Amino acid sequence: MERLDKIISNMGYGSRKDVKKIIKDGRVKVDGVVIKDNNKQVDPEKTKIVINGEEVFYKKYIYLMLNKPAGVISATFDNYDKTVIDLLNVEDQMFEPFPIGRLDKDTVGLLFLTNDGDFNHRLISPKWHVDKIYYAKINEKVTDEDVEAFKEGIVLDDGYKCMSADLKVLNSDKEYEVEVIVREGKYHQVKRMFEARSKKVIYLKRISFAGIDLDEKLKEGEYRELTEEEMKIIREKIKM
Ligand code: URA
């Protein structure tokens with residue numbers, strides 16, 4: 001059971017305040033009866049909700065793709081800094097989404113958000129080995145030995161041996177640009193993998209996750225819902 005105003009707000013009918021007005025104006029029917037009490041507890045999966053004469057269909061979960069900017073925290077709350085949730089519209093915040101995994105404060109790029117716990121769990125579980133692709137700039141030249149070491153499995157500072165990762169050198173003349181594919185998500189993983197090779201990541205962007213590429217149309221700080229097609233691809237990967 002959920003509050004009627006929350007359910008309707010989640011359906012995209014505006015903020016809680018807008019929705020209170022819609023309800024107060026008598027424009028909402030629940031199982032054929034006009035309800036003017038926005039606190040009314042309703043089971044959205046078992047009741048028929050009609051707004052302005054049209055039946056509406058309840059959406060329980062939300063799945064978002066964000067192009068995370070630098071300087072924001074991948075969490076739902078932080079005492080000091082802006083979080084990725086602060087970048088969302090109120091209507092989307094109503095769903096109480098949270099980020100799937102974490103990107104460091106200074107890392108940019110693809111971050112999924114959802115309020116679906118099971119979906120989140122599978123995407124971050126080591127069991128499914130979901131690919132994550134990063135574009136990085138490194139402080140010095142990346143060598144064939146580095147590529148080989150990534151393939152072998154880098155041993156991190158705490159002794160953990162990483163799974164085999166694909167390291168591809170994109171540009172070895174000027175900026176030392178690389179692409180890295182990792183299949184697990186240890187804390188500061190990419191940065192620590194390069195540190196194990198005595199090199200430093202100076203820019204890090206996630207460009208793909210679970211077979212879904214970051215939408216190039218999204219500027220940093222912008223987001224959109226994942227499409228049906230994208231959801232299908234992800235669900236196949238995590239057998240869901
Ligand atoms: N690896 C890192 O070091 N940082 C990130 O944000 C993601 C992967």
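The values are calculated or read from the model by the stated rules, or taken from the named source; none is laboratory data. It should be emphasised that the depicted structure is a prediction, and the values quoted were computed from it without experimental measurement. Positions of Cβ are backbone-derived with ideal geometry, glycine not excepted, and every protein chain shown enters the neighbour counts.
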Quiz item: Within the set of pairs 6+ apart or on separate chains, which have a first residue in segment 90-117 that is at pLDDT 95 or above and aliphatic (A, V, I, L, M), a second that is more than 11 Å from the ligand (Cβ to nearest atom) and assigned to a loop (DSSP other than H, G, I, E, B), and C-beta atoms under 7 Å apart?
Solution: 108/69; 108/220; 110/214; 113/97; 113/100
Exercise. Among what's in segment 120-139 and is within 16 Å of residue 102 (Cα to Cα) and of a type in the set (Val, Ile, Thr), pick the residue that is nearest to the ligand (Cβ to nearest atom).
Key: 133
Self-check item: Verdict on residue 112 being more than 16 Å from the ligand (Cβ to nearest atom) and either over 24 Å from residue 192 (Cα atoms) or within 14 Å of the chain's Cα centre (by Cα) (or both)
Solution: no
Quiz item: Consider residue 231 against the criteria (1) surrounded by 15 or more Cβ atoms within 10 Å (Cβ to Cβ); (2) aliphatic (A, V, I, L, M); (3) within 16 Å of the ligand (Cβ to nearest atom): it satisfies all of them except one. Which criterion is unmet?
Solution: (3)
